[in-house]
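These notes concern the structure reproduced below.
The values are calculated or read from the model by the stated rules, or taken from the named source; none is laboratory data. Note that the structure is predicted; figures quoted are calculated from it, not measured. Because the Cβ atoms are built from the backbone with ideal geometry, glycine has one as well, and the counts that use them run over all protein chains shown.
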Amino acid sequence: MFVPLAVGDMLGKLTLNAIPLDQPIPLIAGGVVILVVVAVIAWIVLRGHLPYLWREWITSVDHKRIGVMYVLLGLVMLLRGFIDAIMMRSQQALAFHAAGYLPPEHYDQVFSAHGTIMIFFAAMPLMIGLMNFVVPLQLGVRDVAFPTLNSTSFWLTATGALLVNISLVIGEFARTGWLPYPPLSEARYSPGVGVDYYLWALQISGVGTLLTGVNFVTTILKIRAPGMSYLRMPVFCWTALCANLLIVAAFPVLTATLAMLLLDRYLGFHFFTNSAGGNMMMFINLIWAWGHPEVYILVLPAFGVFSEVIPTFSGKPLFGYRSMVVATLFICLVSFLVWLHHFFTMGAGGDVNATFGIATSIIAVGTGVKIYNWMFTMYGGRIRFATPMLWSMGFLVTFTIGGMTGVLLAVPPADFQLHNSLFLVAHFHNVIIAGVLFAAFAGLTYWFPKAFGFRLHEGWGKAAFWFSLAGFYITFIPLYAVGLLGMTRRMQHYDLALWRPWVLAAGVGILVFMCALACQVIQLVVSIRRREELRDFTGDPWNGRSLEWSTASPPPAFNFAVLPNVQGEEPYWHIKRRAIETQQLTAEPDYQPIEMPRNSPTGFITAFFATVTGFALIWDIWWLVGVGLACAYAVFVWFAWRDVEEHQIPAEEVARIDRARRKAREEWLATEGHEEWLTSHGQGGTS
Amino acid sequence: MSAVDTVSFRRTRDLDPYKLGHREAGEHGLATGHGEGGPASKRVIVGYGFWIFLLSDVVLFSCLFAAHAVLQTATAGGPSGRELFNPWSIAIETACLLASSFTCGLSAVATGVRSQIWTQLTLAITGLLGLAFLLLEAHDFAGMVAAGAGPTRSAFLSSLFAVVGCHGCHVTAGLLWLGTMMAQVFFKGFRPNILRRLLCFNLFWHVLDIIWVALFTIVYLIGEGR
């Protein structure tokens, strides 16, 4: 390829004009973000934390560390997406017979960024983070199948998030919604770099997600503790398995579809153009063939979280374990057969629409089974209303409402009325907030002590829950109503007085959500400051039932000194019962040295070059694309060339760490773990 | 459900380390990586994981095939497959690729007996056949573009170039990988991790062949009749 020598040409399309100096909002927002990032980095470097950060986190291949980093990324991006939400609600509150404060081209970027960020960079990392942290612990093993690949997956996801945020200050983001429907997203109608930012961010993070899917399917199917047969796995592992099967089957569809759009935009192909035979409805079909399974990729792990939390805080084994597994697999399968309900209005004909409408209604049966199972788990149990349980119960009620409006939308004639209205917006926020977000917070509060050794403050957690629940209803019930009154989504301004009160009410709702956010932040700060009184000494702060609670909090790098030998469902519950009945732990095992994978910067370096390549592709800086790809290949060879892949933890070290854990357990047995504990802590799994 | 903690899994590692399909009576589900048998061996994990990845790659191709099936007649007044395809060139490409798959299989045999020279030789032939395939394909593409039948001419040609080109990109990546593997085998010998990578490379190369068979059928055989 011809390499131009002039410096101006060397930067491709990138010029100083790319920085939106005339738009104060993104400029100030970007400035603040840059300031915060620089301040954090400066603080890290000046306090000498950089070597620690590099050694223990950035290059870590430990699934627990990677899980924590995923959750952190998810929370930061949740904040970013939430700020977008505030802007949208406030714009609509102001823009009655008025222009509001966001011009249309900016407002369009805000709602596109909001959807993209919330789905790909908030909800996905939160769910994948929880899976990363929990699944190997629950399976009773030491790590995932491919630890270095796992680190690479995380950093590629972070690359995608970074590119989306770079678009805030350099150039622009897409104005095409969270799914860039052609022909609007084609080069002819969206000539700027916004859609390119969207596409490359998603292509790169999509590779990361796909590799996560490969990793977890392999882990769950091939690496489980001895005795951990499929039907002894906790339901969270089952839902993680199904979610990852969906990732493996669905994410290539996203990659292929976006690649076709990229070919259209960059090389003048005609996949989706409205000339030369292109077929834009093919994009809609393909993107939803990924998009609908994606919904279940998010919500299945959420169902898994609730299936762990509800039994623990009800003091009972999960009701209908096998029906839960069957329902999960059923949803996994049927989620691929309903995609057309996203565009009934395409006009595929009555028979096609009816088929997909019925399939959509049927998928609710699987979810219904689960809802009843959770309720029957609570029935007759000794329910403790701790924060994770509150999130779960809030989910049960709210998600059911969202499910019912979903079944309503599944009826094609009704959908023709409600398509693209705020009713639809309210519906999917109803299921995603109540399903995925509530699950994320339930899981976060539930597993936080396992990760950090101390619990989160209950009072602030409960306040966050109640504000979130109230915020949800105050925001989205009005949107249901105004959707029924005919207000369509994505309106930058409107003139109909009928809608005005509902839009204002939704604006109040977002204020309540802001209170919930404040409570979350305060909860974290208070908990860290008061960590000594919230300390979890035994490793089992909630009286848990699955294997992760048999480890110390936080668990050692190798998780289990000796792989547990699983005898049935809820293995840890039985270990605990036996310890109390016999008033002693099982005999001390014969400690052996443990081989663990060595840390590796491969993931981080790969992601660095992926960022460079992605940025260069967005701005047509072709020489840099070549450099980035060549360096990525060099990293691959360099990684493949290393001779020592593992390091050994000596038997004495293993013994020392595990004896400390056993000592804490023995103290607990001597003080609290008596016969009364058995009678006061509900039923075992032997019924 | 019993809570008695007896170590019930016996293994006869020496005879059949992975117990692949050779379960003895009464040991149902105790092979590693199955049922209650505990974690699988690293070789099984790596091979299995790579199969999962390959399946995802097949899904990616299936989308491109679907797009091509939709757009196969969308020639927008431009040339159709019947006018464009050169059956001889495609036949030679196919022969190169199928032969390379055969030599790739031979390399697995040579690796099995730990023969450095035969492994290198068969891998080199595999690579050369792959390269010949790529050059022929590039030649075909260049001819089509020169004749005004490039990917921008019609949706049919867009999808043709995309699906065939995507396969070509995979072959290119495979060649890079193959070269890296030859160097690794040469410098590091038949270490367990190198053997696992060779296994994965073999899987990859054979799957490219399978994709080509589908591509030959859907794009060229059916396209020839349109």
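Computed values, structure above
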{"item": "Candidates A:Ile284, A:Ile310, filtered to the one that is β-branched (Val, Ile, Thr), within 25 Å of A:Trp573 (Cβ to Cβ) and assigned to a helix (DSSP H, G or I)", "result": "A:Ile310"}
{"item": "Among the candidates B:Phe190, B:Phe201, residue that is more than 9 Å from chain A (Cβ to nearest Cβ) and part of a loop (DSSP other than H, G, I, E, B)", "result": "B:Phe190"}
{"item": "Helices (runs of 4 or more DSSP H) (entirely within the stretch A:392-499) containing at least 2 residues that are of a type in the set (Ser, Thr, Tyr)", "result": "A:438-452, A:458-484"}
{"item": "Breaking point among (1) closer than 16 Å to B:Gly49 by Cα; (2) in contact with a helix residue (DSSP H, G or I) (Cβ under 6 Å, 6 or more places away or on another chain); (3) assigned to a helix (DSSP H, G or I), for A:Thr219", "result": "(2)"}
{"item": "Breaking point among (1) farther than 30 Å from A:Val425 by Cβ; (2) of a type in the set (A, V, I, L, M, F, W, C); (3) under 27 Å from the mean Cα position of the chain (by Cα), for A:Ile86", "result": "(1)"}
{"item": "Residue match in the stretch B:43-54 (condition: within 14 Å of chain A (Cβ to nearest Cβ), buried (at least 19 other Cβ atoms within 10 Å of the Cβ), at positive phi and not hydroxyl-bearing (Ser, Thr, Tyr))", "result": "no"}
{"item": "Filter result (over 25 Å from B:Ala138 (Cβ atoms) and in contact with a Pro (Cβ under 6 Å, 6 or more places away or on another chain)) within the stretch B:45-98", "result": "B:Ser56, B:Val59"}
{"item": "Cβ-Cβ under 6 Å pairs, at least 6 apart or on other chains, the stretch A:5-21 side under 17 Å from A:Phe173 (Cα atoms), far side modelled with pLDDT under 80", "result": "A:Pro20/A:Pro26"}
{"item": "Hey, A:Val195 more than 27 Å from A:Leu156 (Cβ to Cβ) and among the β-branched types (Val, Ile, Thr) or not", "result": "no"}
{"item": "Any hit, the stretch A:116-128, residues being touching a Gly at 6+ places or on another chain (Cβ under 6 Å) and either surrounded by fewer than 24 Cβ atoms within 10 Å (Cβ to Cβ) or within 14 Å of chain B (Cβ to nearest Cβ) (or both)", "result": "no"}
{"item": "Filter result for A:Ala410 (buried (at least 19 other Cβ atoms within 10 Å of the Cβ) and at pLDDT below 95)", "result": "yes"}
{"item": "Among (1) buried (at least 20 other Cβ atoms within 10 Å of the Cβ); (2) more than 10 Å from chain A (Cβ to nearest Cβ) - the single one B:Trp88 does not satisfy", "result": "(1)"}
{"item": "Among residues of the stretch A:539-579, those that are among the aliphatic types (A, V, I, L, M) and at the interface with chain B (Cβ under 9 Å from one of its Cβ atoms), counted", "result": "3"}
{"item": "The listed residue being at pLDDT 95 or above and within 14 Å of chain A (Cβ to nearest Cβ), out of B:Ala132, B:Ala67", "result": "B:Ala67"}
{"item": "Looking only at the stretch A:203-227, and only at residues there that are among the aliphatic types (A, V, I, L, M), at the interface with another protein chain (Cβ under 10 Å from one of its Cβ atoms) and out of contact with any Pro (no Cβ under 8 Å at 6 or more places or on another chain), the one that is nearest to A:Val566 (Cα to Cα)", "result": "A:Leu221"}
{"item": "Which listed residue is touching a Pro at 6+ places or on another chain (Cβ under 7 Å) and either closer than 18 Å to A:Gln91 by Cα or among the aromatic types (Phe, Trp, Tyr) (or both), from A:Ala506, A:Ala497", "result": "A:Ala506"}
{"item": "Residue identified as at negative phi and more than 20 Å from the chain's Cα centre (by Cα) among A:Gly402, A:Gly406, A:Gly394, A:Gly380", "result": "A:Gly406"}
{"item": "Among (1) over 26 Å from the mean Cα position of the chain (by Cα); (2) of a type in the set (D, E, K, R); (3) under 15 Å from A:Thr400 (Cβ atoms), the one test that A:Asp351 misses", "result": "(3)"}
{"item": "Unique match (being of a type in the set (S, T, N, Q), assigned to a helix (DSSP H, G or I), in contact (Cβ under 8 Å) with a residue 24 or more places away in the chain and surrounded by fewer than 19 Cβ atoms within 10 Å (Cβ to Cβ)) among B:Thr172, B:Thr180", "result": "B:Thr172"}
{"item": "Test: residue in the stretch A:271-289 that is within 18 Å of B:Ala74 (Cα to Cα), at the interface with another protein chain (Cβ under 7 Å from one of its Cβ atoms), among the aromatic types (Phe, Trp, Tyr) and more than 22 Å from the chain's Cα centre (by Cα)", "result": "yes"}
{"item": "Residue match in the stretch A:583-591 (condition: crowded, with 18+ Cβ neighbours inside 10 Å and assigned to a loop (DSSP other than H, G, I, E, B))", "result": "yes"}
{"item": "Residue identified as within 25 Å of the chain's Cα centre (by Cα) and either crowded, with 17+ Cβ neighbours inside 10 Å or over 30 Å from A:Ala174 (Cβ atoms) (or both) among A:Ala516, A:Ala481", "result": "A:Ala516"}
{"item": "Number of the condition not met by A:Thr582 [criteria: (1) closer than 19 Å to A:Val654 by Cβ; (2) without any contact (Cβ under 8 Å) to a residue 12 or more places away in the chain]", "result": "(1)"}
{"item": "Flag if A:Val71 is assigned to a helix (DSSP H, G or I) and modelled with pLDDT under 95", "result": "no"}
{"item": "Selection status of A:Ile363, among the β-branched types (Val, Ile, Thr), modelled with pLDDT under 95 and farther than 17 Å from A:Ala302 by Cα", "result": "no"}
{"item": "Matching residues in the stretch B:91-148 - criterion: being among the β-branched types (Val, Ile, Thr) and in contact (Cβ under 8 Å) with a residue 60 or more places away in the chain", "result": "B:Thr94, B:Thr111, B:Thr119, B:Thr126"}
{"item": "Some residue of the stretch A:616-629 being within 14 Å of another protein chain (Cβ to nearest Cβ) and surrounded by 15 or more Cβ atoms within 10 Å (Cβ to Cβ)", "result": "yes"}
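Quick grid of which residues meet (1) polar (S, T, N, Q); (2) surrounded by fewer than 17 Cβ atoms within 10 Å (Cβ to Cβ); (3) in contact with a helix residue (DSSP H, G or I) (Cβ under 8 Å, 6 or more places away or on another chain); (4) more than 27 Å from A:Met69 (Cα to Cα):
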residue	(1), (2), (3), (4)
A:Phe438	no, no, yes, no
A:Ala442	no, no, yes, no
A:Gly453	no, no, no, no
A:Met487	no, no, yes, yes
A:Asp495	no, yes, no, yes
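Each row is one residue, and each column tells you yes or no for (1) in contact with a Gly (Cβ under 8 Å, 6 or more places away or on another chain); (2) among the aliphatic types (A, V, I, L, M).
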residue: B:Leu129; (1), (2): no, yes
residue: B:Val145; (1), (2): no, yes
residue: B:Thr152; (1), (2): yes, no
residue: B:Ser159; (1), (2): no, no
residue: B:Val171; (1), (2): yes, yes
residue: B:Leu178; (1), (2): yes, yes
residue: B:Val185; (1), (2): no, yes
residue: B:Ile211; (1), (2): no, yes
residue: B:Ile218; (1), (2): no, yes
